[in-house]
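Structure, as structure tokens:
A short reminder: the numbers here are calculations on the coordinates, not readings from a lab. These numbers come from a predicted model, not from an experiment. No Cβ is skipped: glycine too gets one built from the backbone with ideal geometry, and neighbour counts run over all protein chains shown.
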Amino acid sequence: MASAAMAGLSAELARTARASALLGLAGAFGPFALVMLTVQFYSLVVPTGSLSTAVGLGAGFALVAVAVVALTLIRERLLLASAERLVRRLTARALPAATARAAVPAAAADQALRDIDAVRRGVVGPLSAIALDAVLVPAVLILLAIFHWAFALFAVAAAVVALLLGLSAERATREALVEANDASARGARLVADAARAAEAVEAMGMLPALVGRWARMLARGAGGLRRAQGTARMAQAATATLFGVAQGGAVAVGVLVIIESGSSVGYGILAGLLLTARVMEPFSRIGSQFEDAAAARAAWRRLDRLLAADEAAPAPATRAFPCPEGRLVVEHITLVFPGAARPLLRDVNLVVGPGDVVGLAGPPGCGKSTLLRVLLGLQGSNAGEVFLDGHATAQWDRTDLARHIGYLPQEPVLAEGTVAEAIARLEDAPDMEAVMEAARLAGALRMVAGLPQGFSTRIGGRAVLSMGQRQRIALARAVYGTPRLVLLDEPAAFLDAEGEVAVAAMIAALAAAGKAVVFTSHREGLLRAAGRVMTLRDGALAEVGERRRLLAAPAARRALPQPPRRIAAPEAT
């Protein structure tokens, strides 16, 4: 069943396509009109020498030329405006629908964005131009048939030959490119493996053999690329030759018609010269767009199914609730991903009150990050419920809930904008006093002051931020404003010892201010900042014991997962 949203968008795109086709049809006759004016110039002005006629025809020529350019620009602007509206509406509808009920919201949102981009390319890319030009073919053939049916028949035959040539060239080029890309990918993997095992490679004298293998793979890739480029050049030359032959053929058809019927078809020859190429052009390019067409169609269908399912599902009844304390209660949370043999989270219970600090430990992949996403409401569960100050987070308006929660994901991803905007969660007019307080609390003030423009430094601009700098900014973003509950996923993952101390001080300051804090970590030094240390094993959450005894006993230290050894770059200050 098609969704109402996609049906509305489809109707709007159809209206845009019709308008673009009419503009293209008007533009298609522009070159014909220009040649006709040129013929009139030679037939009326040259024999008579009439200046007024020459001026009139020159003005008409300029007017038609300007009209052809204007029609082309209008059609492009119309398609761009339609694509922008389509992207805005699809993004506004598809992203919430993708993340609302998905098992992995981030992956669902990424797929939805890729589908939207594929549809956008279909609307404004070469595929759209080919489709619109192909729509004009019947009208052009009718015009050719008005002069004589032979011109239309010849144009159809030329279009079929152009289509076959385009398909053959695209297939040959694609095979060569696949071979070249495969060889390049194998070479890149070989270099990456050698870099990871650089000491072993050098110690055991494997470098010359690796270089030889890489050179052979590079040669195979270069050979495939040369074949692809050669095929593409041959296809271009063959297409250009075909267009030339087609124009000569139109003249030959006109001559044969004159000989056969004895009637003059001078304007028919002129039309054949100009319009046969117009018929051939979309078919000569269609072969290279088959994959894009299939991708755009598949993306449209996926978005249609997504929105149809969202429209069929009952709308969640969400509302804003008061959050005076920030008390978190987790009751019997169980999560089993589809196809998994066992639950990732099994009957998880947890209570975190104002001022409480809970550290989550456990081996990699045990579900610590997933548990934080469940607490945030970003990840659904098969059973159980999460409450914040007595209200189920699943029934909480997401925008309002975000005011009461601070969150640091495992990867400190920052959006485009200034440092101040990133800390202020992309507010249009950041409260600089609150921004600076959040940076101070996260221990990032000195680091930000050292940036080229301080808080006005643009992320993604000329100033390249290290992972440690990004993590400090993301920490400041997590504590910006007045969150009652702060969830931190590996808050010191990209920081050195000094940064770890700063994170511990931030957690202590949050607890002293009455904030509830839950964080994951592999670092014993950071786990010491927790009032309770919980561990996730086999999906179950349990308190490991009295905190000081846990962190002091050698056996307990061995029981805790140890962080992987890494070479840490010095933290920028």
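Please report R18, R213, R285 as a ranked list, fewest other C-beta atoms within 10 angstrom at the top and most at the bottom.
The most exposed by this proxy come first: R18, R213, R285.
Just for region 328-559, what percent of DSSP beta bridges are antiparallel, to the closest 5? Walk me through the intermediate numbers first.
Numbers: 18 of 35 bridges.
Antiparallel bridges make up about 50 percent of those DSSP assigns within region 328-559.
Sum up the charges of everything whose Cβ sits under 14 Å from the Cβ of A516, counting Lys and Arg as +1 and Asp and Glu as -1, but leave A516 out.
For residues surrounding A516, the net value is +1.
For region 380-456, report the % of Cα-Cα distances exceeding 13 Å.
Numbers: 2191 of 2926 pairs.
Taking all Cα-Cα pairs of region 380-456, the fraction more than 13 Å apart is 75 percent.
Could you give me the ³J(HN,Hα) list for region 78-94, computed from phi with Karplus coefficients 6.51, -1.76, 1.60 and θ = phi - 60°, whole Hz, x at Gly and Pro?
Computed from phi, the couplings for region 78-94 are 4, 5, 5, 5, 5, 5, 5, 4, 4, 5, 4, 5, 5, 5, 5, 9, 6 Hz.
Take the alpha-carbon centre of region 340-369, take the same for region 443-499, and report the distance between them in whole Å.
Taking the Cα centre of region 443-499 as reference, the centre of region 340-369 is 26 Å away.
What residues have an amide H closer than 5 Å to that of L408, excluding those fewer than 5 places away on the same chain, when H is modeled at 1.01 Å from N in the peptide plane?
L487, L488, D489
Write down Rg/Rh for region 400-441, rounded to two decimals, with Rg from the C-alpha atoms and Rh from the Kirkwood relation over Cα pairs. All intermediate terms of the calculation are to be shown ahead of the outcome.
Working: Rg = 10.7 Å, Rh = 11.2 Å.
Radius of gyration over Kirkwood radius for region 400-441 works out to 0.95.
If neighbour count is taken as other Cβ atoms inside 10 Å, put D133, D115, D428 in order from fewest to most. Present the calculation step by step, with values, prior to reporting the outcome.
Numbers: D133 20, D115 23, D428 6.
Least crowded to most crowded, the residues run D428, D133, D115.
Go through region 242-255 residue by residue and turn each phi into a ³J(HN,Hα) via Karplus (6.51, -1.76, 1.60, θ = phi - 60°); whole Hz please, and just put x for glycine and proline.
4, 5, x, 5, 5, 5, x, x, 4, 5, 5, 4, x, 5
What per residue convex hull volume, in Å³, do the alpha-carbon atoms of region 328-559 yield? Don't skip to the answer; put the middle values down first.
Values: hull volume 29.7 nm³, N = 232.
Spelled out: Cα convex hull of region 328-559, divided by residues, is 128 Å³.
Work through the residues other than P31 whose Cβ is under 15 Å from its Cβ and net out their charges, Lys, Arg +1 and Asp, Glu -1.
-1
For the residues E421, E498, what sequence is obtained by ranking on other C-beta atoms within 10 Å, fewest first?
On the way: E421 22, E498 12.
The fewest-first ordering by Cβ neighbours comes to E498, E421.
Please report the net charge: other residues with Cβ closer than 12 Å to the Cβ of R305, K and R +1, D and E -1.
Numbers: positive: R301, R302; negative: D115, D304, D310, E311.
Spelling it out: positives minus negatives among the neighbours equals -2.
From zero up to wherever the largest Cα-Cα distance of region 298-449 sits, split into 5 Å bins and tell me the percent of pairs in each.
With 5 Å bins starting at 0, P(r) equals 2, 7, 12, 15, 16, 17, 15, 9, 5, 2, 0.
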